[in-house]
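**Q** Below is one structure. I have some questions about it.
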Amino acid sequence: MTAQLIDGTALAKKIRVELAGRAAALVARGHRPGLAVVLVGDDPASQVYVRNKVKACADAGVHSVLEKYPEALTENDLLARIDALNRNPVVHGILVQMPLPPHIDPRRVVEAISTQKDVDGYSVLSAGELFAGLPGFRPCTPLGCMKLIETTGVSLVGRHAVVIGRSSTVGKPMALLLLQANATVTICHSMTPDLTQHTRQADVVVTAVGRRNTLTATMVKPGAVVVDVGMNRTDAGQLCGDVDFPGVREVAGWITPVPGGVGPMTISMLLANTIESAERCAR
Ligand code: NAP
């Protein structure tokens, strides 16, 4: 069996067209959605991520405010900026690009963002809303994975889903979203003694580890849906995921590629959360 490809690039594009329509409807009512992106320091990778986010905003008709600060910015000054953005009515979402310089505590900064504007969904309050099944902003990468799974048409109800990885930004929220969709969920991590024993039984596997070849063909149940969040490099320097793609695609029913799978969905979900925040304000 050769798995069907879950095309994240195509889905992200389609979603961004829909989002541009929602943004235009808000603009027509005098409520232009706005995202503030805060970058501290000059980490080259962060600069690329921030540029991509600002460009995606422009393409979707979302106003963006890019606030760039030198590495030496103090934690108190950053907290004061967040406070000002929390009060700014044209800003509906606030994203602080990680990593922050070592003298700034990222947890204090994330917790300073108003829950109504926490479009990354990283704060303890947003995590609590997800845990309790209350409305709120869900972290963008797991939310994007759910949309990708949705496109397969495979129902999650009563299915066994295995998440490999338990970070607060990807693995844990992913498991909670799958649970909310009525899957039976197993979470695996670096202390799990026999990954294969779990993954072989899974109808859906989501890998969020950061180590290539974590999931190989013999570990996958025939026909399973495989979603690869990982971002790694091959020895030749090419981008790859956690999944042995050539091997696993011969066993799985559905599979996301890397690149072109989960990656493009993350920014789309950031836009979706920002527009939703603006829609709530406009009600
Ligand atoms: P992380 O915080 O480093 O978490 C990695 C998780 O993998 C941990 O829970 C760890 O377990 C687990 N793990 C490590 N080795 C393992 C093993 N041998 N077997 C099973 N589990 C193992 O990373 P993250 O932030 O969640 O990100 C994971 C990957 O996704 C990275 O490659 C990252 O670059 C990528 N990512 C991609 C996107 C995107 O938009 N495409 C977004 C976010 C992240 P312990 O908890 O026991 O240490």
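**Q** Which one, LEU239, LEU178, LEU215, has the greatest fluctuation when you compute a Gaussian network model over the chain with C-alpha springs under 10 angstrom?
**A** LEU239
**Q** Could you please report the charge total around CYS140, scoring K, R as +1 and D, E as -1 over all other residues with beta-carbon less than 13 angstrom from its beta-carbon?
**A** 0
**Q** Something else now. List the trypsin sites (Lys or Arg not before Pro) within the range 1-77 that DSSP assigns to loop and that have no more than 11 neighbouring Cβ atoms inside 10 Å.
**A** Those satisfying the criteria are ARG29.
**Q** With N denoting the number of residues in the chain, provide Rg(C-alpha) divided by 2.2 N^0.38 Å, to two decimal places.
**A** Here the Cα radius of gyration is 1.02 times the empirical estimate.
**Q** I'd like the distance between the alpha-carbon centres of the range 179-199 and the range 77-148, rounded to an integer number of Å.
**A** 27 Å
**Q** Could you calculate the FRET efficiency of THR151 with ARG107 from 1/(1 + (r/R0)^6), where r is the beta carbon distance between them and R0 is 35 Å, rounded to 0.05?
**A** Using R0 = 35 Å, I get an efficiency of 0.50.
**Q** Semi-axes, largest first, in whole Å: what does sqrt of 5 times each Cα gyration tensor eigenvalue give for the range 31-115?
**A** 21, 16, 9
**Q** While we're looking at this one, here's another question. Report the accessible area of MET269, computed with a 1.4 Å probe over the heavy atoms of all protein chains in place, in Å² rounded to the nearest 10.
**A** That residue has around 0 Å² of solvent-accessible surface.
**Q** Pairs LYS14/LYS68; LYS55/LYS147; LYS13/LYS147; LYS117/LYS147; LYS68/LYS172: which are spaced more than 20 Å apart, C-alpha to C-alpha?
**A** LYS14/LYS68; LYS55/LYS147; LYS117/LYS147; LYS68/LYS172
**Q** Right, here's the next one. Starting from the coordinates of the alpha-carbon atoms of the range 123-222, obtain the Kirkwood hydrodynamic radius over all distinct pairs and give the value in Å to one decimal.
**A** One decimal place: 13.9 Å for the Kirkwood radius.
The values are calculated or read from the model by the stated rules, or taken from the named source; none is laboratory data. Keep in mind that this is a model prediction, so the values were computed, not measured. Reconstructed Cβ throughout: ideal geometry from the backbone, glycine too, with neighbour counts over all protein chains shown. Please note that ligands, DNA and RNA were not included when accessible areas were found on the heavy atoms of the full protein model with its side chains. Shrake-Rupley method; radii C 1.70, N 1.55, O 1.52, S 1.80 Å.
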